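A.B. asks: One structure, as structure tokens, below. Some questions next.
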């Protein structure tokens, strides 16, 4: 036996989940080994060249507030920054950036390499070391063994991966990379249930072959903002382009649909509904005559352009016919064709809120292997798994974000306590208390936790703290300042923000009105003009949420009360009279930790919650 | 039948043993009594009390011997086993029909208790049916209404509700709200995919939801009329024969009758069933100027009763001047009646009036028919069998208020309002809600339901 070494933590895979897991754990003081097939594929962006967006941007902001790397790396690799939903309130702003893929990967590689206590190992993990049912490390193809108290699998789409392009079908984890075959079987051997998922990626085209005269230019924000509290500024370096599929594309696809592995039955895995392939879109929305296509450069030094909106696994000749039918892409050269990948994922109901496998001590999972999709979801899970591995090792309380406090909480709770039929992507509509969980409040909500984990400098925390304190002061003053509709005041208000008012009101009430000129108000009302532009928009935006915020807070209070009621680990739901079979089954399958978790299970009625509460109130007198 | 007190209900239900037993037929002596057992241990309990019963012969009646825990014979009875989930509660169940002797009933229940059953709390069988998804909350509410239905219409509305008619209406409303929410959420979460927020389409869905709510709310008054009765008030000048007519319609001497004007001072009520509907008939003091303070109060009460009424019987005696008819009821359907028609002489029946003589009995049949038509029109005004109850009205009004206040200019705020409306509707069907709500609903139930 070749001994590779003894570690606190082994992370298998160095994608977005693996990087955050290893990075957080090493910075928290653990000795970490990251095993990756190749150093050059660390933190690859195998699909779209963008970070963030709506929902995903929320996760990214939260991981950043906790001290994770992703936002900071995206700031440095970003080449075009754009916040989505800016015309709406701050809760749904979605910061997004096009990134230079090669640079992103290089930055992460440099960061990880520079961390003391972190070792990057090139090799293929082919099995797990186990001791009395617990996982105690990994075995590599070259015979090396790495022992560790905790092992985190972040293997993405590599477990049993199969790539599809038309009728071509070959084993693969990603384009040009071999899949992992043996590891999946070992997981099954440990009693874990695997399911088959599918995802896809569009073609890449050569930039110099595009006809820019026929494409619409898409610029970034005029004042681009960085994701991270660690970055002071960012700038736009490129533009993207937009075009639309003509009606002819519909005909081309319809005539060739039998050659698509999605429709011929060759692909059995379930793909994400929200990220459909062009053949899916044509079949499901035949009345949509055109579909928008975004052309996104994959970097500054590369010719490669990502064709967002044309994800496909049709045969190569059909892909070419489709692309060449699109205005501006008539002469486009393919650098790579689109393909679909089918892979095994571990049904996430088998892990707990700390992402550790419930029935396999020492083993945790994060990222796409747990059924998510997207770099941001992966990073968020990786961060949590890494931090919790360290906390568990120290015997400290684990970090269990609650869904009423963060999108991280929503993510983990949804994954662990719900059944999933497709890869999970974050949306703001998944959060019950969305108005309180905006990107604007991520630092206020989570930076303190980042400090406690030792991943955020207290000084940086104080800088941010001053910002949110200034915002609350401004808000309180606007709410407390009464204006009487006398002539002088009314004239002053018209001057300040262009609106008339006739009955006494506070500034806060006036600023909630639709007809108020916010730019002018920002300049003219001293409480606002003292803030920077972003803070000003946050303050005014949150004024408009008033009323609904109180509703959220009351509901959160109620949920927190339920969350304090812990369900005993040896609870036997089948022995509780009055629970329906469906509820018993849900409770057995998901094993909720608190009454608040139980309440959210599908099929859980108020009556069932009450019965459960009653049983717990009796303090398990039966056992 | 004991009525439950609402307090402590949930703890009684939650805390007890698994299998419950209760008499489901009313207290008092009858020919037969029905005893129900439900729960996981039903099979074991049956084996103890009715050793010869074959629980696998489900949904069939057998003639069996019941025995006490001491082996003493209790009764020869008919027993029907039910296997889950095909039973009222969705659990294993047993129904036993014993002779109506109070001792036999007591001994039978005690035999099951001795074998390990717990006496059921009020509404517990139905509550289990809800817990096991056999009924939703709206259907369960109607079970109690059906049990206490006294008129054909009460039974019809309750039956339709148990069959899920109202639940389906709520489900359709929910579907509209979910579509609306999906439209808003789609625009918020997919902004980068160029999906614009179509405010006009959202407005259309909002109107559709509000129309659905409006149609349901419109059945509230009908629901009240069917459940509580249609209130019909007899008004008219003093000594126009109101009390005489009242007694005639009610079929007994409820109101004091005298030849003196102003005999009736307070409002006198009686219930009768007309056209399958409960009708609350009210006799009132004669409307006229008076100096007697008691009589004046009587007139005030008469006016009040008329204003609250669903319909008015306006009496005007044949010997009174027609041009002085008071406009007592402008907003309610009014049946105009010329009373004392035997005194009318050669006068022709005025158009739009019904004539009656309580002395000769002339026109009483016609008046009953007219009353019947009016009452039918009052409850069948929407043609259907759906009639929401007070709890539903409150929930729907909350939902309507949320929707009215939804501001689509800021879609994430509009979404909160739509979610609020959706929550209100879900609370109606019992998908979300608090234990208090369930306690309130089930506290109306009797033991054994």
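A.B. asks: One quarter of the convex hull surface, Cα atoms only: what value does that give for the protein assembly as shown in nm²?
C.D. replies: Hull-based average projected area comes out at 57.4 nm².
A.B. asks: Next up: If the chain between residue B:343 and residue B:198 were fully stretched, how many nm would it gain, using 0.36 nm times the residue separation less the Cα-Cα distance?
C.D. replies: Gain in length upon complete extension: 45.0 nm.
A.B. asks: Taking R0 as 22 Å, what FRET efficiency do you get between residue A:336 and residue A:122 from their Cβ-Cβ distance, rounded to the nearest 0.05?
C.D. replies: After rounding to 0.05, the efficiency reads 0.35.
A.B. asks: Inside 10 Å of the C-beta atoms of A:600-611, what's the mean count of C-beta atoms belonging to other chains?
C.D. replies: For this peptide, the per-residue mean of nearby foreign Cβ atoms is 5.
A.B. asks: Which FRET efficiency, nearest 0.05, do residue A:223 and residue A:113 yield, Cβ-Cβ r, R0 25 Å?
C.D. replies: 0.15
A.B. asks: With just the Cα atoms of chain A, tell me how far they stretch along each of the three principal axes, in Å, largest first.
C.D. replies: 86, 75, 51
A.B. asks: So, one more: With an 8 Å cut-off on Cα pairs and a minimum separation of 6 or more residues, tell me the relative contact order of chain B in percent.
C.D. replies: For chain B, the relative contact order is 18 percent.
A.B. asks: In whole Å, what three semi-axes, largest first, describe the equivalent ellipsoid of the stretch B:11-136 built from its Cα gyration tensor (square root of 5 times each eigenvalue)?
C.D. replies: Each semi-axis is the square root of five times an eigenvalue, giving 21, 16, 14 Å.
A.B. asks: Could you tell me how far the Cα centroid of the stretch A:267-312 sits from the Cα centroid of the stretch A:532-582, in Å?
C.D. replies: If we compute the Cα centre of each part, the gap is 36 Å.
A.B. asks: At a 10 angstrom cut-off on C-beta neighbours, averaged per residue, how do the peptides A:39-45, B:402-408 rank from highest to lowest?
C.D. replies: Packing proxy ranking, top to bottom: A:39-45, B:402-408.
A.B. asks: Just to be sure I understand: with springs between alpha-carbon atoms less than 10 Å apart, which residue in B:228, B:179, B:189 has the highest mean-square fluctuation in the Gaussian network model of chain B?
C.D. replies: Most flexible of the set in this elastic network: B:189.
A.B. asks: Relative contact order (percent) for chain A, with alpha-carbon contacts under 8 angstrom and 6 or more residues of separation?
C.D. replies: Over chain A, the number comes to 17 percent.
A.B. asks: Per-residue counts of other Cβ atoms within 10 Å, averaged by peptide: what ranking do you get for A:76-82, B:156-162, highest first?
C.D. replies: Answer by packing, highest mean first, reads A:76-82, B:156-162.
A.B. asks: Per 0.36 nm of contour for each residue apart, how much would the distance between residue A:206 and residue A:487 grow if the chain were fully extended, relative to their Cα-Cα spacing?
C.D. replies: 94.7 nm
A.B. asks: Which value in nm describes the separation of the simple spin-label points at residue B:65 and residue A:320, placed 7 Å from the Cα toward the beta carbon?
C.D. replies: 9.1 nm
A.B. asks: Kindly state, to the nearest 0.05, the FRET efficiency for residue A:168 paired with residue B:217, given R0 = 45 Å and r defined as their beta-carbon distance.
C.D. replies: FRET efficiency, residue A:168 to residue B:217: 0.15.
A.B. asks: What ranking, highest mean first, results for peptides A:63-71, A:369-377, B:167-175 when packing means the other Cβ atoms within 10 Å averaged over each residue?
C.D. replies: A:63-71, A:369-377, B:167-175
A.B. asks: Say a paramagnetic label sat at a point 7 Å from the Cα of residue A:301, along Cα to Cβ; which residues of the stretch A:40-58 have their backbone N under 20 Å from it?
C.D. replies: Only A:40-47, A:49-50 fall inside the zone, counting backbone N under 20 Å.
A.B. asks: A further question follows. Which ordering of B:63, A:579, A:192 is given by a fewest-first count of other beta-carbon atoms within 10 Å?
C.D. replies: B:63, A:192, A:579
A.B. asks: Could you give the nm distance between label points at residue A:248 and residue B:364, where each point is 7 Å from its Cα heading toward the beta carbon?
C.D. replies: Going by the 7 Å Cα→Cβ label model, 9.2 nm.
A.B. asks: For the stretch B:228-379, state the semi-axes of the equivalent ellipsoid (square roots of 5 times the eigenvalues of the alpha-carbon gyration tensor), sorted largest first and rounded to whole angstrom.
C.D. replies: For the stretch B:228-379, the ellipsoid semi-axes come out as 20, 19, 15 Å.
A.B. asks: For the stretch B:185-304, what is the relative contact order in percent, using Cα pairs closer than 8 Å and at least 6 residues apart in sequence?
C.D. replies: Relative contact order comes out at 23 percent.
A.B. asks: Round to a whole angstrom and tell me the spacing of the C-alpha centers of the stretch A:2-77 and the stretch B:179-226.
C.D. replies: That distance is 43 Å.
A.B. asks: Report, as an integer, the average count of C-beta atoms from other chains found within 10 Å of each Cβ along A:572-579.
C.D. replies: Average neighbour count from other chains, rounded to a whole number: 4.
A.B. asks: Round to a whole angstrom and tell me the spacing of the C-alpha centers of the stretch A:127-192 and the stretch B:77-132.
C.D. replies: 56 Å
A.B. asks: Subtracting the Cα-Cα distance from 0.36 nm times the residue separation, let me have the gained length for residue A:289 to residue A:570 in nm, one decimal.
C.D. replies: 95.5 nm
A.B. asks: Mind checking B:406-418 for the average number of partner chain beta-carbons within 10 Å of each residue's beta-carbon?
C.D. replies: Rounded to a whole number, the mean comes out at 5.
A.B. asks: Here is a follow-up. Using a basic spin-label model with each label point 7 Å from the Cα along Cα→Cβ, how many nm lie between residue B:150 and residue A:237?
C.D. replies: My value for the distance between the label points is 8.5 nm.
A.B. asks: Please list, by residue number, everything in the stretch B:241-274 whose backbone N is under 19 Å from a paramagnetic label point 7 Å out along Cα→Cβ of residue B:297.
C.D. replies: B:256, B:262-269
Taken together, the values in this text are just the output of simple stated rules run on the coordinates, not laboratory data. Bear in mind the structure is a predicted one, so any value in this text is a computation, not a measurement. FYI the Cβ positions are ideal-geometry reconstructions off the backbone, even for glycines, and counts take in every protein chain you see.
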